[in-house]
Amino acid sequence: MKRYLLKTVTLVALMIFTFGFNGAQKSAIADDTSTDGWNTFELMPFRSISVKGDAAKFRAINWMNDGATGGIKAMSFDGDVGKDGQVSFEGHAIPGDNDFGAGLKLTKGDGGGYITMDYGNFRKWYDVYGGFYPNFTGTSSIRRLAADPKMDMGHFFFEIGSNSNILETAPGVSLSFERDTKEGIKSRLTWGTVTQTIQRKIAPSWEDVSETTDTIVLKGNTEVAGINLSGQQRAEFSGGRSFREDDSTTSFRSYAQEPQTKQLVSSLKADRWLVDDKTYLSFGYQFNHSRNDWLETIRNYDTTGATTSSSNNRVADAQATRDSHSWVQHFVTNLTPDLNFVTKFKEEIVAQTGTGFADGYDPGGSDRAVESENKITRTGESISLRYSGLPKTSLYTDWDFQQTRNWYSKDRIGSSHTEYVDSSPEATGVVGVRYAPNGKFNMTSNIRRKSDHNTYNILSNNDAAITISRLQTTFNEWSNRMTWKPAKWIENSFRVQLLDNAYRVQSLDKVGFTGNTDWIKSQGNSRIFTYNVVFQPMDEWLFDLGYSLNKFKVSTPASQVAVSGGGIPVFEADFHTWLFTGSYAPKENLSFFSGLQYTRAKDFDSQAFAGMPYGVDNEHYDANVGMKWSPRKDITLSPHYGYYSYRANQSLDYGNYSAHVAWLDFTYDWF
């Protein structure tokens, strides 16, 4: 209740502040007949949402609260203050959705000083269920969180500066303060175990979060000898606490965490245009220092609340620091009137250290201590070419290369030691073409390939948890988009995206940790097809129709093992989406509109394998109709009606609902 009152008071205070300036500007420029003042005032006098079925599922998918509410959807104001000052304000408030926002800006003249304030808050809802296993009987097949998970996200920003022109090259300085907050409960995907002869990880889990991040930024820019100089000092402080509980049928484990982070960033940039503004040079440097502190208490207990014996019972305290230096150089020029050339270079040095101590407590807990050190050097190069010398055709290519050397050392005091060097070259290339033979047809096509090879050279190791010696990833994509407009009143577009990912892993053997096992491979691919047509047969009518199909497939080494032997079938998913919008405007002050979205998901209906069932089988409908009517030039009334439906195959999925949503918008325009 206190948080709600604080949000309301903050919004009202900003509104009163703006009204005060509105009165001040009227008295200061009483003879001015300009259009300064309120621009738009849009009210939602009421909104009613009636849900039949699973209301929590409706909130999680649509981020709207069921029941009745109303509020201010939008309001804006622009006015003059004194001789050459301006004030602008915009805001909204929907209390039922816990959605508030307000922004205020004061400026003095063109390029003069300014003050900006911004406040916002909105709410996210989360799913209350874990997994679903229909072969379990009773309530074991699907379990629900006792809490109603929702998270309030808050934001406040204040900035004062000497130059209101939003140009990086304009001399000036500014100081800002920003606060972001998270407060509430969210659901998690680390589901607990439910046992009914066999075990399935379907028990829902949650986390109670309270986080605050404060950021102070000092920025400045100027020009020296024709070179634009800009710099920034940034200090960020974040902290909070979280509590989560992982549970199974007979046991529980809680985690109480208190993370804190301090980050200091210094950056400098110099840039200049040369050769009649055809060549651009820039240089940037950034230093980043961060420190992280972590306090965690882990407790295992049974259904009566009594602490049970576990080696995980502990209070852990950890610290980590990171320092990095980064340099970036950027060069752009036109080699010919038709050929543009861009290149970039990057160098980075990173040093990280970490320490941690776990104070184990009875029953079963034990003390542990860990120390780690990490040194990274990274270089990168990129080159881009754009060529438009061919008739009705443009060609482009982008290539990025990166080389990383990562030295890592870790000591589990009294237990194990690991030291390795990871060498990981990375390359990404894109080649594309755009062809537009006439005003009715155009096509854009490109090919993208990315490869990343990690080789872990083990210098010393006696930790059995270190298993990977090589990791290679390859990503390939082909994308093609065509647009065809055979007549003035119709336009078609079709897009194809083919994506393939391959992951190859080689592990250490367990005899001396020196040899390598055979390569194992996992692969995923996606095939996305999208079609859209927009047609306007008459001036009063406009229609937009679209369809998308996403076919997704993932195979792993476990896919080659029979389910009876512990394998997991190939994951296959088909996702269909249909979209339709239409509008009819018989008069200038009257229009009707409608929309429909239908999605169909049928993914991986295998339930026989051990572990977590991933099946999804549902249909989702969203339909809406409405109208806009302006009985006067400055007044608009917009009634709306929406129908939302979620239908699941009850043998595989869950969470059915149907919802009726009705609301009215009222807009008053000041001219």
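The values are calculated or read from the model by the stated rules, or taken from the named source; none is laboratory data. Because the structure is predicted, anything quoted here is derived from the model rather than measured. Methodologically, a virtual Cβ is constructed for each residue, glycine included, from the backbone with ideal geometry; neighbour enumeration extends over all protein chains shown. Heads up: the accessible areas ignore ligands, DNA and RNA and are worked out on the full protein's heavy atoms, side chains in. Shrake-Rupley method; radii C 1.70, N 1.55, O 1.52, S 1.80 Å.
When THR336 is tested against (1) open to solvent by less than 50 Å² (accessible area, probe 1.4 Å); (2) of a type in the set (Val, Ile, Thr); (3) under 20 Å from LEU281 (Cα atoms), only condition (1) is not met.
For the subset of region 293-310 comprising residues that are surrounded by 13 or more Cβ atoms within 10 Å (Cβ to Cβ) and among the hydroxyl-bearing types (Ser, Thr, Tyr), which member is nearest to LYS344 (Cα to Cα)? Full working, then the answer.
Filtering region 293-310 for residues surrounded by 13 or more Cβ atoms within 10 Å (Cβ to Cβ) gives 293-301, 307-308, 310.
Cutting the leftovers down to among the hydroxyl-bearing types (Ser, Thr, Tyr) gives us 297, 301, 307-308, 310.
Values: THR297: 46, TYR301: 56, THR307: 58, THR308: 57, SER310: 53 Å.
Step by step, filter region 293-310, then rank; the result is THR297.
Only one entry of GLY96, GLY103 meets the criterion of being among the small types (Gly, Ala, Ser) and either touching a helix residue (DSSP H, G or I) at 6+ places or on another chain (Cβ under 9 Å) or part of a strand (DSSP E or B) (or both), and that entry is GLY103.
Of the residues contained in region 525-548, none is found to be charged (D, E, K, R) and open to solvent by less than 50 Å² (accessible area, probe 1.4 Å).
On the stretch given as region 382-416, residues that are under 30 Å from GLY354 (Cα atoms) and either of a type in the set (S, T, N, Q) or surrounded by 15 or more Cβ atoms within 10 Å (Cβ to Cβ) (or both) total 12. Can you find a residue that is open to solvent by 50 Å² or more (accessible area, probe 1.4 Å) and at pLDDT below 95 anywhere in region 490-499? No: region 490-499 contains no residue that is open to solvent by 50 Å² or more (accessible area, probe 1.4 Å) and at pLDDT below 95.
Under the condition of being at pLDDT below 80 and small (Gly, Ala, Ser), which residue from region 563-599 is most open to solvent (accessible area, probe 1.4 Å)? Within region 563-599, the match that is most open to solvent (accessible area, probe 1.4 Å) is SER564. I'd like the full set of residues that are modelled with pLDDT of 90 or more, charged (D, E, K, R) and surrounded by fewer than 15 Cβ atoms within 10 Å (Cβ to Cβ), limited to region 269-292. Hit for region 269-292 is ARG291, nothing else. The set of residues from region 94-132 being within 30 Å of PRO149 (Cβ to Cβ), open to solvent by less than 20 Å² (accessible area, probe 1.4 Å) and hydrophobic (A, V, I, L, M, F, W, C) comprises ILE94, PHE100, ALA102, TRP125, VAL128. Of the residues making up region 474-486, those that are over 30 Å from GLN523 (Cβ atoms) and open to solvent by less than 30 Å² (accessible area, probe 1.4 Å) number 1. In region 427-464, which residues are within 32 Å of the chain's Cα centre (by Cα), farther than 30 Å from ASN492 by Cβ and either among the polar types (S, T, N, Q) or open to solvent by 50 Å² or more (accessible area, probe 1.4 Å) (or both)? Correct list: THR428, LYS450, SER451, HIS453, ASN454, THR455, TYR456.
Scanning region 39-70 for residues that are under 22 Å from MET153 (Cα atoms) and among the hydroxyl-bearing types (Ser, Thr, Tyr) returns a single hit, THR69.
Cβ separations smaller than 6 Å between residues 6+ apart or across chains give the following pairs from region 232-246 residues that are within 30 Å of PRO171 (Cα to Cα) and part of a strand (DSSP E or B) to residues that are open to solvent by less than 80 Å² (accessible area, probe 1.4 Å) and not aliphatic (A, V, I, L, M): GLN232/SER267; GLN233/SER266; GLU236/THR215; GLU236/GLN263; PHE237/ASP214.
Scanning region 247-268 for residues that are over 25 Å from the mean Cα position of the chain (by Cα) and either assigned to a loop (DSSP other than H, G, I, E, B) or modelled with pLDDT under 95 (or both) turns up ASP247, SER248, THR249, THR250, SER251, PHE252, ARG253, SER254, TYR255, ALA256.
Hey, among the residues in region 318-332 that are touching a residue at least 40 places away in the same chain (Cβ under 8 Å) and surrounded by fewer than 16 Cβ atoms within 10 Å (Cβ to Cβ), which one's farthest from TYR285 (Cα to Cα)? My answer is PHE331.
What tally of residues in region 354-372 results from selecting those that are assigned to a strand (DSSP E or B) and open to solvent by 70 Å² or more (accessible area, probe 1.4 Å)? Full working, then the answer.
Step one: of region 354-372, the residues assigned to a strand (DSSP E or B) are 354-360, 368-372.
Filter again for open to solvent by 70 Å² or more (accessible area, probe 1.4 Å), leaving 357, 359, 368, 371.
Looking only at that region, the number is 4.
Residues in region 391-423 that are among the aliphatic types (A, V, I, L, M) and modelled with pLDDT of 95 or more: LEU395 only. Scanning region 176-215 for residues that are more than 26 Å from the chain's Cα centre (by Cα) and among the basic types (Lys, Arg) yields a count of 2.
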